[in-house]
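Each remark here refers to the structure printed beneath this line.
The values are calculated or read from the model by the stated rules, or taken from the named source; none is laboratory data. Just so it is clear, the structure is predicted and the values come from calculations on it, not from any experiment. Methodologically, a virtual Cβ is constructed for each residue, glycine included, from the backbone with ideal geometry; neighbour enumeration extends over all protein chains shown. Surface accessibility is based on the protein's heavy atoms, side chains included, excluding ligands, DNA and RNA. Shrake-Rupley method; radii C 1.70, N 1.55, O 1.52, S 1.80 Å.
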Amino acid sequence: MGNSTSRGSTTPGRIVTMAIVSIVVGLGLVLLSIGLDWEGFGGGAVIGVGIGFAAVGMYFWGYANGLRRPSSRGTWLPSRDGRG
């Protein structure tokens, strides 16, 4: 009952944490496959999965940063002063 943090305020932090883990895993897979000089379909698949992990992690990192920003939905509206 004395918990002062809301669930909504911790969600972006969790998303960022998972995004960072995904990026690190993806980059680790790419570096591992390049370092071990894996060839053929398997090596290409590992590089592709690594790049995919990194890309998904970057997407969710940006998504979480967007959740943290205050809402500014009305800023795109045109002026309402009657001049046009």
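Structure summary
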| item | result |
| --- | --- |
| Extreme residue, farthest from LEU67 (Cα to Cα), among residues of region 16-29 that are surrounded by fewer than 18 Cβ atoms within 10 Å (Cβ to Cβ) and free of Cβ contacts under 8 Å to residues at least 40 places away in the same chain | GLY28 |
| Hits in region 30-48 - residues which are of a type in the set (A, V, I, L, M, F, W, C) and open to solvent by less than 70 Å² (accessible area, probe 1.4 Å) | VAL30, ALA45, VAL46, ILE47 |
